[in-house]
Amino acid sequence: MTDDASAVGVGFSPKIDSSVPHSARIWNYWLGGKDNYPVDEAAGDAFRELFPGITDLARGSRAFLGRAVRHLAGEAGIRQFLDIGTGLPTADNTHEIAQRVTSEARIVYVDNDPLVLAHARALLTSTPQGATDYLDADLHDPQTILREAAKTLDFSRPVALTLMQVSGHIADYDEARSIVRQLLEALPSGSYLAFNDSVDTNEANAEATRRYNESGAVPYFLRSPEQLEGFFDGLEVLEPGVVPLAEWRPDPGAGGAPAEVIALGGVGRKP
């Protein structure tokens, strides 16, 4: 990838630093994308050498997002989505999945990486009946997210909050729980949380993450299964619960779950 703005059709922000690996670009690399720099590929390869399952995790998280959004836009009747930490656009982004189910779906993407935002604004376009917007905001600042998202979303009607492999960017568990709680408190009854993140019980992933955190990149923190389940406190958790990603309402004909749990995910409804 180059710094050429023509790559996405809009100008890049000078804040982009191609000398330090970035989680969104590395994730894009693991998914087979090209929107990354050599430093991201090097970090991704080093991580994958220690934990080859990271590619399956990236793909599994993406597939879980798709199944959750299809359920929410379909059976649950949700028409609004707040997707925080969206990452670089790839196939089947949240608005594409939701708007295939219902063309009037409204989606707000939130990220604080200028490369992600540049690509999102260039590539993620809404149906005429719905809406898609993009916020440059940080998960550490939920009140700014809520204030800006309210310009596109109607917080008097249910909203689906999606947090996929992003809560680990917040080092302190209590702070992470508090941020998710603040976001959910602003949403009305009948809203949902769709969430997944990695567990700390896989030794290879834990060691690869430890070395990644020493690379100069923004660190990521794995959590116990019990801690991940704690993000759903106070919610009505949909069946089959907070489970390994492949076990959450798998598509017909899908392969079985990996032998070792890497990440957990679930969907919960606000009473």
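What nm value, rounded to one decimal, do you get for the distance between D141 and E260 when each label is placed 7 Å out toward the C-beta?
Calculated label separation equals 3.9 nm.
Where the only charges are on Cβ atoms (+1 Lys, Arg; -1 Asp, Glu), what is the dipole of the chain about its Cα centre, to the nearest 20 debye? List each step's numbers first, then the result.
Values: 23 positive and 39 negative charges, 169 e Å.
Computed about the Cα centre, the dipole is about 820 debye.
For the chain, what does the equivalent ellipsoid look like in terms of its semi-axes, each the square root of 5 times an eigenvalue of the Cα gyration tensor, given largest first in whole Å?
The answer is 26, 23, 18 Å, longest axis first.
Neighbour counts of other C-beta atoms within 10 Å: give me D56, D83 arranged from fewest to most.
D56, D83
In a Gaussian network model over the chain where Cα atoms closer than 10 Å are linked, find which of E41, E239, E229 has the largest mean-square fluctuation.
Fluctuation is largest for E239.
Tell me what the chain gives for mean residue ellipticity at 222 nm when only DSSP H runs of n ≥ 4 count, each as -39,500 (n - 2.57), the sum divided by the residue total, rounded to 500 deg cm²/dmol.
-11000 deg cm²/dmol
List, in order, the whole-Hz ³J(HN,Hα) value for each residue of the stretch 140-149 obtained from phi through the Karplus relation with A = 6.51, B = -1.76, C = 1.60 and θ = phi - 60°; use x for Gly and Pro.
So the J values, rounded to whole Hz, are 5, 10, x, 5, 5, 4, 5, 4, 6, 5.
Order these by the 10 Å Cβ neighbour count, fewest first: H119, H71.
Values: H119 26, H71 19.
So the ranking, lowest neighbour count to highest, is H71, H119.
Using the Cα centre of the chain as origin and beta-carbon charges of +1 (Lys, Arg) and -1 (Asp, Glu), tell me which of S198, T144, I78 is placed farthest towards the positive end of the dipole.
Of S198, T144, I78, it is I78.
Can you tell me the length gained on complete extension of the stretch V20 to T152, counting 0.36 nm per residue apart and subtracting the Cα distance?
That works out to 44.2 nm of additional length.
Counting only C-alpha contacts under 8 Å and six or more residues apart, can you give the relative contact order of the chain as a whole percent? Walk me through the intermediate numbers first.
Values: 490 pairs, mean separation 49.3, N = 271.
Relative contact order of the chain: 18 percent.
Determine, from the Cβ-Cβ distance of S103 and R210 and an R0 of 35 Å, the FRET efficiency 1/(1 + (r/R0)^6), rounded to the nearest 0.05.
0.20
How far is the Cα center of the stretch 210-271 from the Cα center of the stretch 140-177, in Å?
Comparing the Cα centres of the stretch 210-271 and the stretch 140-177, I get a distance of 17 Å.
Roughly what % antiparallel, to the nearest 5, for the DSSP beta bridges in the chain?
Taking every DSSP beta bridge with both residues in the chain, the antiparallel ones total about 35 percent.
Using the basic label-point model (7 angstrom from Cα toward the beta carbon), what is the A122 to A217 distance in nanometres?
2.2
Please order L264, L57 by the number of other Cβ within 10 Å, starting at the fewest.
So the ranking, lowest neighbour count to highest, is L57, L264.
Among P21, P52, P244, which one shows the highest mean-square fluctuation when the chain is modelled as a Gaussian network with alpha-carbon springs under 10 Å?
Between P21, P52, P244, it is P52 that shows the largest mean-square fluctuation.
Can you tell which of A120, A246, A186 shows the greatest fluctuation in a Gaussian network model of the chain with Cα springs below 10 Å?
Residue with maximal mean-square fluctuation among A120, A246, A186: A186.
Given the convex hull of the Cα atoms of the stretch 202-255, what is a quarter of its surface area in nm²?
Averaging across all directions leaves 5.5 nm² for the Cα convex hull.
Find the relative contact order for the stretch 212-271 and round it to a whole percent, using C-alpha pairs within less than 8 Å whose residues are 6+ positions apart.
For the stretch 212-271, the relative contact order is 37 percent.
Taking H placed 1.01 Å from N in the peptide plane, check which residues at least 5 places from T132 or on another chain put their amide H under 5 Å from its amide H.
Hits under the 5 Å cutoff: I107, S126.
Every read-out reported here was derived from the displayed coordinates using simple, explicitly stated rules and does not represent laboratory data. Fair warning: this is a prediction, and the values are worked out from it, not measured in the lab. Heads up, the Cβs are rebuilt from the backbone with ideal geometry, glycines too, and the neighbour counts pull from every protein chain shown.
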